[in-house]
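Please read the structure below before turning to the comments.
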Amino acid sequence: WGVKFPGEEGLVLYVWVDAPIGYISSTEEWAQRTGGDWEYFWRGPGYIIHFIGGDIIYHHCIFWPAMLKGAGYSLPYAVVASGMVKVEGRVFSKSRGYVIWVEDDYLNEGLDPDALRYYVVSYTGHVRDLDFSWRTYAEKVNHELVATLGNFLYRALLFAKRNYGVIPEGEVEGDVKAVVEEAIMEIRHGLDEYEFKRVVDAVLTIASYGNRYLQEGEPWRRIKTDPEAAKLIVHNALWLAKAIAVLMEPIMPFKALELWRQLGYGERENVPLDEALSPLEVGLKLGVPKPLFEKIPEEKVEELSERIARRVREAGG
């Protein structure tokens, strides 16, 4: 089946011939809105990278490059294929009830879009299937975002705000700097290889280190006996928090923006990766500290899990 091809008897076209052309036309529409140059990507030195599902590799690696080459357009630099998305162990299916509606089941429930991005990215690699369940989602949010990442940031910012009100003076210690340098290297390698899980893993590694750094340094005790040592610890903790604000932005942009506000920097977006290593603005007034992430209660997990089960029952799946 297909659309007859003009001038070629017995030849027909189907969707995977005409649909990818929309990639070019959508880029052209973007250029018209923004003043950009669409030909830079499709006829120039720009990089074209396709992110697709693993079930359409054939079309994007054979049909589409042949069409581009024949028409004199640039070929894709890379085609990144992902695994399938499942719900509770079953492949997504609207007709059988195995489906999560982002607006109805997630956003309208007051759940955090950045937490969903984190979950999807941290759970998957190139070809591994993503098996979504509300329980594993809640475990990742509660254990990693709330108890590790959010805990470190809130502890550091709350102590600094209560005792100094501004970013205190200090020098970044060598071991602290090395943790961020290693994270940046890991993130660069991850981005180059399209392994975005390595980005969130690196951010979580910094937060885990930050929690240990605060626990071992005990600034709440040292501030009474050695104020300068306490100030140094807090300066380094806030420096780690700033590094996290830079490095988490590609995956959790809203939380990164909120963290910049709490650090006193105001609205900051599209911050270069290397700025994670830049010094703090000493004396900058800190914002109001508050937890970045909220724990997902057990009753919410049960409610949303039952919603899926009810859909499956109603669909006869």
Hey, Leu292 surrounded by 15 or more Cβ atoms within 10 Å (Cβ to Cβ), modelled with pLDDT under 95, under 24 Å from Glu139 (Cα atoms) and not β-branched (Val, Ile, Thr) or not
no
For Val79, are the conditions met, namely being of a type in the set (A, V, I, L, M) and either surrounded by 15 or more Cβ atoms within 10 Å (Cβ to Cβ) or in contact with a Gly (Cβ under 8 Å, 6 or more places away or on another chain) (or both)?
yes
Can you list the helices (runs of 4 or more DSSP H) lying wholly within the range 205-317 that have 2 or more residues being assigned by TED's automatic domain parsing to the domain that holds Gly165 and more than 19 Å from Leu149 (Cα to Cα)?
219-225, 227-248
Enumeration of residues in the range 27-42 that are within 21 Å of Val80 (Cα to Cα) and either of a type in the set (D, E, K, R) or under 24 Å from the mean Cα position of the chain (by Cα) (or both)
Thr27
How many residues are surrounded by fewer than 19 Cβ atoms within 10 Å (Cβ to Cβ) and of a type outside the set (D, E, K, R) if we restrict to the range 152-163?
3
Here are some conditions: (1) touching a residue at least 60 places away in the same chain (Cβ under 8 Å); (2) farther than 20 Å from Glu249 by Cα. Tyr118 meets all but one. Which one does it not meet?
(2)
Of the numbered conditions (1) crowded, with 17+ Cβ neighbours inside 10 Å; (2) out of contact with any Leu (no Cβ under 8 Å at 6 or more places or on another chain), Tyr106 fails exactly one; give the number of that condition.
(2)
I'm checking my understanding of the structure. Among residues of the range 12-35 that are in a loop (DSSP other than H, G, I, E, B) and at pLDDT below 95, which one is nearest to Ala71 (Cα to Cα)?
Pro20
Is there a residue being loosely packed, with under 15 Cβ neighbours inside 10 Å and under 19 Å from Val180 (Cβ atoms) anywhere in the range 239-258?
no
Filter the range 38-76 down to residues that are surrounded by 14 or more Cβ atoms within 10 Å (Cβ to Cβ) and in a strand (DSSP E or B) and give me whichever is modelled with the lowest pLDDT.
Ile52
Complete set of residues in the range 164-196 that are more than 26 Å from Arg222 (Cβ to Cβ), crowded, with 20+ Cβ neighbours inside 10 Å and not aromatic (Phe, Trp, Tyr)
Ala183, Ile187
Heads up, the helices (runs of 4 or more DSSP H) in the range 98-180 (entirely inside) with at least 2 residues that are over 20 Å from Ala276 (Cβ atoms) and over 19 Å from the mean Cα position of the chain (by Cα) are 151-163
Could you please find all residues in the range 181-196 being farther than 20 Å from Ala78 by Cα and either in contact (Cβ under 8 Å) with a residue 60 or more places away in the chain or assigned to a loop (DSSP other than H, G, I, E, B) (or both)?
Glu181, Ala183, Ile184
Near pairs, Cβ below 8 angstrom, 6+ apart or cross-chain, from the range 65-87 (free of Cβ contacts under 8 Å to residues at least 40 places away in the same chain) to any residue that is of a type in the set (S, T, N, Q) and surrounded by 15 or more Cβ atoms within 10 Å (Cβ to Cβ)
Leu68/Ser74
List, please: which pairs have Cβ atoms under 8 Å, are six or more places apart or on different chains, and start with a residue in the range 126-148 that is not assigned by TED's automatic domain parsing to the domain that holds Asp201 and among the β-branched types (Val, Ile, Thr) and end with one that is modelled with pLDDT under 90 and assigned to a loop (DSSP other than H, G, I, E, B)?
Val127/Gly83
Only one of Leu116, Leu153 is at pLDDT 95 or above and either among the hydrophobic types (A, V, I, L, M, F, W, C) or in the same structural domain as Asp55 (by TED's automatic domain parsing) (or both). Can you tell me which?
Leu153
Residue that is more than 22 Å from Glu275 (Cα to Cα), among the β-branched types (Val, Ile, Thr) and surrounded by fewer than 21 Cβ atoms within 10 Å (Cβ to Cβ), where the choices are Thr225, Thr205
Thr225
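The values are calculated or read from the model by the stated rules, or taken from the named source; none is laboratory data. Just so you know, these numbers come straight off a predicted model, no measurement behind them. In this analysis, Cβ positions are derived from the backbone assuming ideal geometry, glycine residues included, and neighbour counts consider all displayed protein chains.
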